[in-house]
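Just below is one structure, and these are the notes that go with it.
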Amino acid sequence: VQLQASGGGSVQAGDSLRLSCAASGRTFGRNSMGWFRQAPGKEREFVAAIGWSGGITSYTDSVRGRFTISRDNAENTVYLQMNSLKPEDTAVYYCAFSLNSRATQRRNEYRYWGQGTQVTVSS
């Protein structure tokens, strides 16, 4: 499985960005997907996850209500809509592909990772 993330950029606090992650090399079937992020000097942390059908989602507390994860199984793509961005959202964002069907926050349940896309939010 290859994952290609895109959509990052430099924005002002309060702005929005939409990240995309296109999967190839494997049928985008009953697999959950997730987004993680890593800020300089910090460990990679969970941001959001979505189950295979799109009906179940999970968010870390700091982004709940501002970020929305969604997926288009026909296009093998998962999205992360990020609204009301804050400087503390600055990080490299990674999409990840799990062999499990349920949404999960656990890093070790994700088998494949994208290359990351930089999001920078200035105040």
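The values are calculated or read from the model by the stated rules, or taken from the named source; none is laboratory data. Since the structure is predicted, the reported quantities are computational estimates derived from the model, not experimental observations. Cβ: placed from backbone, ideal geometry, glycine included. Neighbour counts: every protein chain shown. Accessible surface areas use protein heavy atoms only, side chains included; no ligands, DNA or RNA. Shrake-Rupley method; radii C 1.70, N 1.55, O 1.52, S 1.80 Å.
Below, the figures for the structure above:
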quantity: Residue check, Y112 touching a strand residue (DSSP E or B) at 6+ places or on another chain (Cβ under 8 Å), open to solvent by less than 60 Å² (accessible area, probe 1.4 Å) and aromatic (F, W, Y); calculated: no
quantity: Test: residue in segment 80-87 that is in a loop (DSSP other than H, G, I, E, B), open to solvent by 40 Å² or more (accessible area, probe 1.4 Å) and either within 18 Å of A5 (Cβ to Cβ) or without any contact (Cβ under 8 Å) to a residue 60 or more places away in the chain (or both); calculated: no
quantity: Single residue of segment 95-109 satisfying the filter (over 18 Å from D61 (Cα atoms) and of a type in the set (S, T, N, Q)) that is surrounded by the most Cβ atoms within 10 Å (Cβ to Cβ); calculated: S98
quantity: Given (1) under 19 Å from Y112 (Cα atoms); (2) of a type in the set (G, A, S); (3) open to solvent by less than 50 Å² (accessible area, probe 1.4 Å), number of the condition A39 does not satisfy; calculated: (1)
quantity: The lone exception for D72 - which of (1) within 17 Å of Q118 (Cα to Cα); (2) free of Cβ contacts under 8 Å to residues at least 40 places away in the same chain it fails; calculated: (1)
quantity: Which numbered condition S53 fails, given (1) open to solvent by 20 Å² or more (accessible area, probe 1.4 Å); (2) at pLDDT 95 or above; (3) in a loop (DSSP other than H, G, I, E, B); calculated: (2)
quantity: Exclusive hit being touching a residue at least 12 places away in the same chain (Cβ under 8 Å), surrounded by 22 or more Cβ atoms within 10 Å (Cβ to Cβ) and either among the charged types (D, E, K, R) or in a strand (DSSP E or B) (or both), set V92, V47; calculated: V47
quantity: Wholly enclosed strands (runs of 3 or more DSSP E) of segment 1-44 bearing at least 1 residues under 23 Å from A103 (Cα atoms) and not hydroxyl-bearing (S, T, Y); calculated: 2-6, 17-24, 33-38
